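Written out below as structure tokens is the structure these notes cover.
The values are calculated or read from the model by the stated rules, or taken from the named source; none is laboratory data. Quick caveat, the model's predicted, so the values are computed rather than measured. With ideal geometry, Cβ positions are generated from the backbone for all residues, glycine too; neighbour counts draw on all protein chains shown.
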Amino acid sequence: MENLFKALTKIDVLSPPKQYITKLLEAVCQQLGYSFGSVIELDHNGRGWMFASYNLPENYVHTANQVAPYMSSPFGEAIKTGEIVVSCDPLSEKRLEPWHEIIGQNNIKTMVWVPLLNKGSAFGTCNLYDIRVRQIDELEWHTLQQIGVTISIALASNQYLNKLNGKTRELEAEVARRKQAEKTTHESERFLTNIFTSIQDGLCVLDTQYNIIRLNHTAEKLYAGNRTVIGKKCYQVLRGRDAICDGCPAIRTLAGGESDHEVLSNKNAAGEITGWSEIYSFPLIESLTGKIKGVTLYIRDITEQRKMEQEMSRFERLNLIGEMAAGIGHEIRNPMTTVRGFLQLLGGKKECSLFKDFFGLMIEELDRANAIISEFLSLAKNRMTEFSLQNINAIVNSLHPLIDADAMNMDKYVEVKLEDVPDLWLDEKEMRQLILNLVRNGLEAMEGEEALTIRTFAAENEVMLAVTDRGRGIKPEVLERMGTPFFSTKDNGTGLGLAVCYSIAARHNASIKIQTGSEGTTFTVHFRQCCLPGQHPGRQPIGDFSV
């Protein structure tokens, strides 16, 4: 037995269970003189299945796992009793009758079934076969029992290893699933981030204390610049204030949990309105608790939209005034001409000489009313415009003496800076009226000996005429109403001069833009491509005032 134990010590106990048991069977057979051996496990259906073997004939290995009455054989006896069972004449053992043929073919004389025990119950056997009839002494008997224990431990380890492998596979599958879920989550986050950053209007996410959590690129460009704004108050970053803005929709959204919106004006440090923003607020609600965790602000710059709305409103009013002018302008002037003629006639009579001053005053007022009507008629929608190829510089130069005279009478002077510009299809009379109206407005806006500048230049397929005064600028509330008929800040103004300028510009498919500040105001007339040579608009009535 000493040689057996030496042989057993040479087996790698860390090798896989099947390999270990095969090596163990080899050592037992060689050291104890058995011809061959096998290890049979019992499954949950009561069938025996060969786990490992040593030196078994090929036909035995091939047929060993066939369904057979294992439990009614000596194998079953070893399983039930937990004791070693020996048969020294297996061909005479009726319980082995299903295997007699294979036993005879392999000349097996002795068969030994060693039970494999776990917690007192057998779950299989170690089978040893000998082609000799042999007697098993007490020492060998105990040795076989120890072998059975060793094999039991190895098989149990195999079962645990199978379970561990199964758990490992489950864990690997779970890890793979989580990785896939994480990948999907990252892809979803990237997708949502791409949507968040690609929106061309501003997006700003706030917590319940109005601290900025996140901004998209548009909001960063508009409000953050190169500053770090995450964690700062929205009203500090977006509005430059020390307290939450009055009328901010975020206040109502956080209070009531409902979406809201508001239009707020943008102001500079001097309090002047520089534009408008339309702000929509949406609550961020925790899905599990239903509590509001913050608010998302959608910020849209509507400055250009507001300007366009004001322009459209102005042109609508011009249309209305034009229709009125076309209908009643001439009808009013005819009786006024008659009245003026009779006043002149009466003023020349001796018997009316006492009232001559009154007649003169009435004639002056009639002339003033006639001048207003003349301006009024220039808005008429059905008047014809005569276009010809003109250079705006030539028209300015022709008016220069008249403009200088007006400026000198007001103790002011005019600077003319004309650059080379292409010819345009213009109505010369209307251009003269446009320039004179803009110049006179500029002169009247200045105090003291200030200079008015008239410039012409070309840029980006446009020709520009710019009139710049050195006045105090236009207040925001006045700027919004500029060009509105009958709106004037002058004591004796009619409010038609700038309205006429807008209508003339519209007839020339041009636009007027205003830049104003504390150091003065610039009115710039932009003549667009359709007024350039080669695109002669001809002689046409005015259909509307849209640009």
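Within the stretch 274-291, the set of residues being at pLDDT 80 or above, of a type outside the set (Val, Ile, Thr) and not in a strand (DSSP E or B) comprises Glu286, Leu288, Gly290, Lys291. A Cβ distance below 7 Å, combined with a sequence gap of six or more or placement on separate chains, defines the contacts here; from the stretch 227-243, residues that are in contact (Cβ under 8 Å) with a residue 40 or more places away in the chain reach residues that are assigned to a loop (DSSP other than H, G, I, E, B) in the pairs Cys234/Tyr210.
Of all the criteria given as (1) touching a helix residue (DSSP H, G or I) at 6+ places or on another chain (Cβ under 7 Å); (2) under 17 Å from Asn441 (Cβ atoms); (3) modelled with pLDDT under 60, the one not satisfied by Ile542 is (2).
Tell me yes or no: at least one residue of the stretch 70-86 is under 60 Å from the mean Cα position of the chain (by Cα) and aliphatic (A, V, I, L, M). No: the stretch 70-86 contains no residue that is under 60 Å from the mean Cα position of the chain (by Cα) and aliphatic (A, V, I, L, M). Scanning the stretch 132-149 turns up no residue that is in the same structural domain as Val13 (by TED's automatic domain parsing) and assigned to a strand (DSSP E or B). Residue count for the stretch 144-199, restricted to those that are farther than 30 Å from Thr125 by Cβ and in contact (Cβ under 8 Å) with a residue 60 or more places away in the chain: 0.
All conditions but one from (1) modelled with pLDDT under 80; (2) among the hydrophobic types (A, V, I, L, M, F, W, C); (3) under 19 Å from the mean Cα position of the chain (by Cα) apply to Ile230; the one that does not is (1). What do you reckon, is Lys18 assigned by TED's automatic domain parsing to the domain that holds Tyr129, touching a residue at least 40 places away in the same chain (Cβ under 8 Å), surrounded by fewer than 19 Cβ atoms within 10 Å (Cβ to Cβ) and not in a strand (DSSP E or B)? When the stated conditions are applied, Lys18 passes them.
Picking from Asp427, Asp404, which residue would you name as being charged (D, E, K, R), more than 26 Å from Glu386 (Cβ to Cβ) and out of contact with any Gly (no Cβ under 7 Å at 6 or more places or on another chain)?
Values: Asp427 fails: more than 26 Å from Glu386 (Cβ to Cβ).
Exactly one of Asp427, Asp404 is charged (D, E, K, R), more than 26 Å from Glu386 (Cβ to Cβ) and out of contact with any Gly (no Cβ under 7 Å at 6 or more places or on another chain), namely Asp404.
Within the stretch 407-455, can you find the residues that are among the acidic types (Asp, Glu) and crowded, with 20+ Cβ neighbours inside 10 Å? Selection gives Asp427, Glu430. Taking the condition closer than 27 Å to Leu139 by Cα, touching a helix residue (DSSP H, G or I) at 6+ places or on another chain (Cβ under 7 Å) and assigned to a helix (DSSP H, G or I), does Leu4 pass? Here the answer is yes, as Leu4 does meet what is asked.
Regarding Gly37, is this residue outside any helix (DSSP H, G or I) and surrounded by 20 or more Cβ atoms within 10 Å (Cβ to Cβ)? Here the answer is yes, as Gly37 does meet what is asked.
Scanning the stretch 435-475 for residues that are aliphatic (A, V, I, L, M) and in a helix (DSSP H, G or I) yields Ile435, Leu436, Leu438, Val439, Leu443, Ala445.
Restricting the stretch 358-382 to residues that are within 16 Å of Val339 (Cα to Cα), loosely packed, with under 14 Cβ neighbours inside 10 Å and not small (Gly, Ala, Ser), which is modelled with the lowest pLDDT?
Looking only at the stretch 358-382, we keep the residues that are within 16 Å of Val339 (Cα to Cα), and these are 358-371, 373.
Still in the list and also loosely packed, with under 14 Cβ neighbours inside 10 Å: 358, 360-361, 364-365, 367-368, 371.
Subset that is not small (Gly, Ala, Ser): 358, 361, 364-365, 367-368.
Values: Phe358: 83, Leu361: 81, Glu364: 82, Glu365: 80, Asp367: 81, Arg368: 75.
Restricting to residues being within 16 Å of Val339 (Cα to Cα), loosely packed, with under 14 Cβ neighbours inside 10 Å and not small (Gly, Ala, Ser), the top hit is Arg368.
Of all residues in the stretch 264-287, one or more are touching a residue at least 60 places away in the same chain (Cβ under 8 Å), over 30 Å from Arg472 (Cβ atoms) and of a type in the set (A, V, I, L, M, F, W, C).
Return yes or no: is Ile504 at pLDDT 75 or above, under 40 Å from the mean Cα position of the chain (by Cα) and among the β-branched types (Val, Ile, Thr)?
Working: at pLDDT 75 or above: yes; under 40 Å from the mean Cα position of the chain (by Cα): no; among the β-branched types (Val, Ile, Thr): yes.
Answer is no for this residue.
Scanning the stretch 426-441 for residues that are at pLDDT below 90 and more than 15 Å from Ser503 (Cα to Cα) yields Arg440, Asn441.
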